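All remarks here apply to the structure that follows.
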Amino acid sequence: MIVAAIKPTEHLAALAFAGRHRPRVWEPAPWIFAIAFYFAFPNYLGFGTELLVTILFALSLDLVLGYAGIITLGHAAFFGAGAYTVGMLAYHGIWNEPISSLMLAAIVAALVGLGSGLVLLRTQGLTLLMLTLCTMALLEEAANLGHEYTGGFDGLASLPIPPLLGLFEFNPLYPRTQYLYVLIVLFIAFLFVRTLIYSPFGQSLAGIRENTLRMHAVGSPVRARLITCYTISAAIAGIAGGLWAQANAYVNLTTLSLDRAAMVLIALILGGYGRIYGGFVGAVAYMALAHFLAKLYPTGWQLGLGLLLVVIALFARNGILGIGEALLRRIRAKHMPQ
Amino acid sequence: MIKRIIVATASLVFAVGCAQAQEVKVGVVLPYTGVGAELAQQQDRGMELYLKMHADAIKPYKITLIKRDAKNPGGADAKIAVQELLTQDKVDILAGWNYSPNAIASAPIVTAGKKLAVISNAGSGHITNLSPYFVRFSFSMWHAGYAMGEATVKNLNAKTAVVGYTDFPPGKDMLASFKRAFEASGGKVIDEIPMGGAGAVPDFTPFFQRAKDKKPDVFFVFVPAGDHSSAVVKTYNALGMREAGIKLIGPGDITQDNKLQAMGSAAVGLITMHHYNVDLDNLENKQFVAAWKKAYGADSTPDFMAVGGYDSMAAIVHVVRTLKGKIDTDKALETLKGWKYNSPRGPIMIDPQTRDIVMNEYLSEVVMQGGKLVQKPIGKIDAVKDACKTLKVGPCAN
Amino acid sequence: MILGVDVASMILGGVAAGMVLFIVSVGLSVTMGLMGFVNLAHGAFAMLGGYIIVLSMNYWGVHFLPALALGFVVTAAVSFAFERLLYARLYRATELDQVLFTIGLVFMAIASVTLVVGPENQQLVLPAMLQGQVDLGFTQYRTYSIFLIAIGIIIVVGLWLGFERTRIGAQIRATVDNRRMTESLGINVDRLFTITFAFGSGMAALGGGLGAEFLGLDPQYALKYLVYFLIVVAVGGLGRVTGVFYAALLIGVLDFALKKYIPKGGTLFIFGLTILLLLWRPQGLFAGRAT
């Protein structure tokens, strides 16, 4: 009963642990920034929309990579599954109402996640990496071969997406609706993921990541937890893919490509995985740099981007947020009363 | 004081107004990085070369190119580039598009943006139907494929063919167009072999061995311009298909001009149908090739991609001069519909109905002349229209 | 008889393709097995070597074999410098930081080659004696494929001897099996890794040059075949020379046969097959054996 003797209010570590899930002062900042962006840069909303979709995609990857420790290079399989669900239903005139289409995208992607998770999550390391990659490549080739339904490499163009809630038109030239729509969906998904990772379920995921054997030993259903997490993450990636298809009124094979999977992985590592905001920071850093460097220097921008990745990998641990945390720790250490 | 400010502002507005009348901004979207970088370079150089060669004709107008990287064939990056060119840079004319998917994905924005959009490459047949502002100065896959199907029977007296194609839409278009014309003329396609995707060059040996086993009269191969063509010719040669009596034929992508010399004697005897090769005998082409070599070095050779860029810029300059620097999209379109022009590829015209190009197709054979490979003309079809739209095939029907 | 020739040509073609895969991938497998270092820039070293080989032939008229040697030496030297100056800083970092670092290197390599040499494909012109066909008695076959098979066999025998019969080979095997134990025996694992890394990159350079005839050579090379190299390493097992060899041959031949007989399936089969193989033997087909 020693534990009971220390009240949470008296013990710093316990206090921090009990209050971890509470919103911190700075947490509204990214959202305020996102809304400010909408008003400040009306001509950049196409880029902004793509950025928000990538953040949502990175968030879903963070759930499996950062929290459950599943290293995957095939996450675009779910992004593509969602995108093609929305795209094929709309193109073939079956269903195109935006919000319910997103739900369907989430369900299809979750099923793909559940199915592949049941089979693949028995493995680890390089084997798992290659298995996820090959599964995605398999889906990509299947989409290519089924070009009568999927449009193959050229994709399905000019998808008829009706106005959101029957009110807000998706304008291709000034994608205001798209931006706000994606922002709202991102916010909801973010709240969900945030709640999830601070729940007992999220704690057990972290436990599995840190020490799988011990979690087995304490009787935690490790595999079931991993598969559940993988499925949830797949559903969110599917929503991201569905949003992408709706915002662009377009879907093609690159939604299932290694390029997309690798890009989001790089962005997440760059930002710092396992920190929920890593995807935000990483996607903004990666995409903004790529976008503006490419504008300045269309043929050589990859040099600058590569340099950023190399420098961050060499001089920071756990990405940009890692640098921030290290700095913060130093400042705190200086100001901490002895 | 107030009066002075008004005068100053007015003169400023006037100055800006004048500058705008003089300057025409053209947004260029090409894949400057990634697998298409080489092709983008050819097109970019073609555009720049036109501006350089005709600098006097362009005065007093100023054409500014704003270049954006389309990065990959994913659609989204090209689309964002187009959107920003329209809303931020306020360009007067759009140009470029290498990968068809990018042109297809950009179509709704081009329509919404209401600006003339000159396509310098993307060759999927139906693209010009997707937006009323698209005008194409490159080709449709059906141009060469359909013409070759007819010529294979008429000029080469072949009865059977195997078709090997890179498995993406241009390849499928090429297969469909060749097969349709070839079989309508009395030939028979006895095997169709998809040969991997466009992204990476596969080892062609298994596909070519399969084709060799079928013993056709001709082996029609389509691979995208770029890395693939030399591997095709090398494999054809190394498997002894020539000795087996199988002719290698195809659209000009397999004898792409800037790859041809490196293929060496292996390429002798190849027969292609295309709208351009560097050896075409006309004044415009001679001037174009000479200027190219002067600007980019004797080792550098322009190919049909470069001509696509060159002609696109010729069209833009024509529009700018006709409209005296004030680009109104509808007037610009009217200017181009039915426009005739002597390109390095010979006389071309824009079909007023489809806004697609009408041009000659040349049947050529690769021969060795003075230690150099040359494409010898062995046939010509005048004023070829995009058969995909004439015959209303698939999505071209709309 | 016709069938026999058919099967023979299929096996020859597949084995030749497999040899290229083997030569490029073997270095990747050994370095990943030794240090657990995820080196996605391995393809960039293959590209560097390929460029040195092809450009030295085209511009300075170096012959094919000396050019291969040059490519090996220069690439090994460059990778040695990279390993000491940069890679060594990341041995204790997580796999994901290593991924970030090596992908960054790949981007820089692609951009540098595009800017310095140009975006176009570089043409390898083989010496006349390697072009065309050779008579094997029962059939004619592509001379270069036979050459590749011969080179591949020489290399695998050489590597096998090196691994089995030399001191450094024994040290590498020991490190792959149990790195901590090896270190505690006083073997300098860092030095071992530097040597292996440089050697593996040199091999990749050879592969880049030898494979250019089939696979072409352009700035995207660093990225576009990486998946195939990784598949071979995963199927072969980490740090296993003979494993990688058999895996490369198996994938080469199967891929060739499937492309020839069922071209309509595209890459469906090769990826499906990899999944099945990896599910069947997650540690690689040839794991659990010494080399």
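Determine the sum of side-chain charges near B:Ala267: Lys and Arg each +1, Asp and Glu each -1, restricted to other residues whose C-beta is under 15 angstrom from that of B:Ala267.
That sum, taken over residues with Cβ under 15 Å, equals +1.
What does the charge add up to near B:Ala70, with Lys and Arg as +1, Asp and Glu as -1, over the other residues with Cβ less than 13 Å from its Cβ?
+1
What dipole magnitude, in Debye to the nearest 20, does chain A give about its Cα centre under +1 on Lys/Arg Cβ and -1 on Asp/Glu Cβ?
About 1500 debye.
What is the fewest-to-most order of A:Tyr250, A:Tyr181, B:Tyr61 by other Cβ atoms lying within 10 Å of their Cβ?
So the ranking, lowest neighbour count to highest, is B:Tyr61, A:Tyr181, A:Tyr250.
List the residue ranges in chain B for DSSP H helices whose C-alpha atoms run 24 angstrom or more along the long axis and whose Kyte-Doolittle average is -1.0 or above.
B:2-22, B:304-322
Mean-square fluctuation check for chain C, GNM, Cα pairs under 10 Å: which of C:Glu213, C:Glu83, C:Glu120 is largest?
Highest fluctuation among the options: C:Glu120.
Within the set of other residues whose C-beta is less than 14 Å from the C-beta of B:Lys247, count the net charge using Lys and Arg as +1 and Asp and Glu as -1.
+2
In degrees, nearest 10, range 0 to 90: what is the angle between the Cα axis of helix A:29-40 and the longest Cα principal axis of chain A?
Taking the Cα atoms of chain A, the angle to A:29-40 is about 30 degrees.
What percent does the relative contact order of segment C:2-280 come to when contacts are Cα pairs within less than 8 Å and at least six residues apart?
42
Report the relative contact order of chain B, percent, no decimals, based on alpha-carbon pairs under 8 angstrom and at least 6 residues apart.
17
If one puts a single equal scatterer on every Cα of segment A:44-276 and applies the Debye formula without solvent, what log₁₀ I(q)/I(0) results at q = 0.10, 0.14 Å⁻¹?
-0.43, -0.83
Roughly what angle does helix A:278-296 make with the longest principal axis of chain A, taking Cα atoms, 0 to 90 degrees, to the nearest 10?
50
So how do C:Phe45, C:Phe138, A:Phe37 line up by other beta-carbon neighbours within 10 Å, fewest first?
So the residues, fewest neighbours to most, are C:Phe138, A:Phe37, C:Phe45.
Once you've got the GNM for chain A with C-alpha springs shorter than 10 Å, pick whichever of A:Ala36, A:Ala267, A:Ala110 has the biggest mean-square fluctuation.
Answer for the Gaussian network model of chain A: A:Ala36.
With 10 angstrom as the radius, rank C:Ser184, B:Ser131, B:Ser265, B:Ser138 by how many other C-beta atoms surround their C-beta, starting from the fewest.
C:Ser184, B:Ser265, B:Ser131, B:Ser138
Taking only Cα atoms and a 10 Å spring cutoff, compute GNM fluctuations for chain B and point out the largest among B:Trp142, B:Trp97, B:Trp339.
Of B:Trp142, B:Trp97, B:Trp339, the Gaussian network model singles out B:Trp339 as fluctuating most.
Note the full-extension length gain between C:Val125 and C:His63 as 0.36 nm times their separation in residues minus their Cα-Cα distance, in nm to one decimal.
21.3 nm
How large is the helix-only mean residue ellipticity at 222 nm for the protein assembly as shown, computed as the sum of -39500 (n - 2.57) over DSSP H runs with n ≥ 4, divided by its residue count, in deg cm²/dmol to the nearest 500?
-19500 deg cm²/dmol
May I ask for the distance between the Cα centers of segment B:230-273 and segment A:133-210, given as a whole number of Å?
45
What number, in percent, do you get for the relative contact order of segment A:44-276 if the mean sequence gap of Cα pairs under 8 Å and at least 6 apart is divided by its residue count?
Dividing the mean separation by the residue count of segment A:44-276 yields 46 percent.
Over 25 Å between Cα atoms: which of B:Lys154/B:Lys372; B:Lys337/B:Lys385; B:Lys62/B:Lys90; B:Lys159/B:Lys259; B:Lys372/C:Lys259; B:Lys326/B:Lys392 fall into that group?
Beyond 25 Å: B:Lys154/B:Lys372; B:Lys159/B:Lys259; B:Lys372/C:Lys259; B:Lys326/B:Lys392.
Considering only DSSP beta bridges whose two residues both sit in the protein assembly as shown, what percent are antiparallel, to the nearest 5?
Around 40 percent antiparallel, to the nearest 5.
Mean Kyte-Doolittle of at least 1.6 and a Cα length of 27 Å or more along the axis: which whole DSSP H helices of chain C meet both?
C:2-35, C:64-85, C:95-116, C:143-165
Counting only GluC sites (Glu not before Pro) that are in a DSSP loop and have at most 15 other C-beta atoms within 10 Å, tell me the longest site-free stretch of chain A.
Segment A:170-338 is the longest.
All of the numbers you see were taken from the coordinates with simple rules; none came from a lab. Keep in mind that what you see is a predicted model, and the values were worked out from it rather than measured. Note that we place each Cβ from the backbone using ideal geometry, even for glycine, and neighbour counts take in every protein chain shown.
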